[in-house]
Amino acid sequence: MFDLVPFRNRSRRDVAEREEDPFNSLVSGFFDDVMDFAGRSFRADIKESDDEYTIEAEMPGMNKEDINLEINDDYLTISAEHKEEKEEKKENYIRRERRAGRYSRSFYLENVNQDDIKAEYEEGILKVHLPKEEKTPVKKRTIDIE
């Protein structure tokens with residue numbers, strides 16, 4: 001099964017030479033970082049208990065101040081904007097990079113007490129606690145026809 005995927009066997013010497021080359025580390029490091037950040041959305045798990053829903057969103061590298069939670073028309077939107085600037089100086093070259101990204105996901109809030117929603121952020125995980133609303137039983141009634 002593993003022979004279906006092309007694989008180039010590299011010697012240890014090739015790897016060592018590539019790591020020592022400053023241009024290679026500059027270019028490959030830049031594109032690795034950019035490709036890692038671009039096109040991603042954060043992952044979220046939704047749990048249900050008897051009295052609440054909990055959304056756990058993975059947001060590593062974010063600061064609490066980068067994250068925004070907003071309720072609009074029964075939708076909870078979690079968004080985050082991250083800006084990073086990195087400068088690295090070695091021998092005869094300077095590497096300076098900037099990257100920014102914005103993530104956003106929305107969740108429909110059905111049967112949720114919107115006034116008592118609470119959120120906490122710790123070690124890259126945002127937890128949003130959504131307490132369930134008491135269900136009011138639907139009463140049977142007759143509708144008059146005009």
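Each Lys or Arg adds one and each Asp or Glu takes one away; over the other residues whose Cβ falls under 14 Å from the Cβ of P131, this sums to -4.
Count Lys and Arg as plus one, Asp and Glu as minus one, and take only other residues whose Cβ is under 10 Å from that of E52; the net charge is then -1. Remark: spin-label model distance N92-Y75 equals 5.5 nm, labels positioned 7 Å along the Cα→Cβ axis. Given R0 = 41 Å, the distance between the Cβ atoms of K64 and K140 translates into a calculated FRET efficiency of 0.25.
Which net charge results when you count Lys and Arg as +1 and Asp and Glu as -1 among the other residues whose beta-carbon is under 12 Å from that of E110?
Computed value for this residue: -1.
Using only alpha carbons, the range 47-146 has a radius of gyration to Kirkwood radius ratio (Rg to Rh) of 1.27. For an R0 of 30 angstrom, estimate the FRET efficiency from the Cβ-Cβ distance between R102 and D51 and round to the nearest 0.05. It comes out at approximately 0.35.
Each peptide in 138-145, 71-78 gets a packing score, the mean of other Cβ atoms within 10 Å over its residues, and the list from highest to lowest is 71-78, 138-145. Annotation: amide H-H contacts under 5 Å for M59 (H modelled 1.01 Å from N, sequence separation of 5 or more, or interchain): I125, L126.
As a calculated quantity, the FRET efficiency between E122 and E85 at R0 = 35 Å, using C-beta atoms, amounts to about 0.90.
Rule-based calculations on the coordinates, nothing more; no lab input. Since the structure is predicted, the reported quantities are computational estimates derived from the model, not experimental observations. Virtual Cβ from ideal backbone geometry, glycine too; neighbours counted across all protein chains shown.
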